[in-house]
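Q: I am attaching a structure below and will ask some questions about it afterwards.
The values are calculated or read from the model by the stated rules, or taken from the named source; none is laboratory data. For clarity, every value in this text was computed on a predicted model and none was experimentally measured. FYI the Cβ positions are ideal-geometry reconstructions off the backbone, even for glycines, and counts take in every protein chain you see.
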Amino acid sequence: MDSVGLNKIKTALLFYIIGAVVAFTAGFLGLSIFSVFFFFNTIGGFIREMIAVILLLIVIVIYIIGLIYMWDGFSKIEPEFENAGIGKIGLILTLIPFLNIIGFILLGITFYLLGEKLNSSMMKVGGILTIIPVINFVGIIILYVAFGDIITK
C-alpha cells in the first residue's frame, strides 16, 4: 500500500481532530453565531461573538485542508485499494447539508474495508465508530492511531 497516501490520510485525520477540538472549545465557551444569549449589548459580548466568528472561520479552513489531504490520500491508494472511490464520494457528501450523514457512512465503510485489506482490527473499529454521529470523533482518533501503527509496520 502506498505509504504516502496513508500518510496523507493520517494527516487529514489530524486536521479533523484539531478542527473538532477548536469547534468544541468555541461551543463550550458559548461562542456561537446563533447563540441564544445575544451578548451584543456589551463590549465584552461583542468581542466574544467576534472570537466565535474567527474560530468558526478557522475551523472551516482546517476542515477544507483536511478534506484536500484526505482526497489526495484516497487518490494515491486508489490503484491498490479499489474502494477508495467510495471514500472520495463520502468526502464530497460530507460537504452537503443533510447528506453529510451519508458521507460519514461512506467514509466509515471505506475505512472498515481498508482495515480488512490491511488486516487492522483497530481501523475496522474506527471505521464503524466514524459512522455513528455522536461518537464519530472517537472513531477518528482511533483511525489516526491505526494509521500510525500501519505506517510504522
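Q: Suppose the filter is free of Cβ contacts under 8 Å to residues at least 24 places away in the same chain, closer than 14 Å to LEU13 by Cα, of a type in the set (Gly, Ala, Ser) and assigned to a helix (DSSP H, G or I); does GLY66 pass it?
A: Against the criterion (free of Cβ contacts under 8 Å to residues at least 24 places away in the same chain, closer than 14 Å to LEU13 by Cα, of a type in the set (Gly, Ala, Ser) and assigned to a helix (DSSP H, G or I)), GLY66 does not qualify.
Q: If you don't mind, there's one more thing I want to ask. Take the residues in the stretch 49-63 that are surrounded by 13 or more Cβ atoms within 10 Å (Cβ to Cβ) and without any contact (Cβ under 8 Å) to a residue 40 or more places away in the chain, then tell me which one is nearest to VAL134 (Cα to Cα).
A: LEU56
Q: Going through the stretch 69-96 one residue at a time, which ones are surrounded by 18 or more Cβ atoms within 10 Å (Cβ to Cβ) and in contact (Cβ under 8 Å) with a residue 60 or more places away in the chain?
A: TYR69, MET70, GLY73, PHE74, LYS76, ILE77, PHE81, listed by residue number.
Q: Could you identify the single residue in ILE17, ILE51 that is farther than 22 Å from PHE137 by Cβ, at pLDDT 70 or above and aliphatic (A, V, I, L, M)?
A: Sole residue among the options that is farther than 22 Å from PHE137 by Cβ, at pLDDT 70 or above and aliphatic (A, V, I, L, M): ILE51.
Q: Which residue, of ILE141, ILE132, is in contact with a Gly (Cβ under 9 Å, 6 or more places away or on another chain), touching a residue at least 60 places away in the same chain (Cβ under 8 Å) and more than 17 Å from LYS8 (Cβ to Cβ)?
A: ILE141
Q: Which of the residues belonging to the stretch 119-153 are touching a Leu at 6+ places or on another chain (Cβ under 6 Å) and not in a helix (DSSP H, G or I)?
A: ILE135 - this is the single residue of the stretch 119-153 that is touching a Leu at 6+ places or on another chain (Cβ under 6 Å) and not in a helix (DSSP H, G or I).
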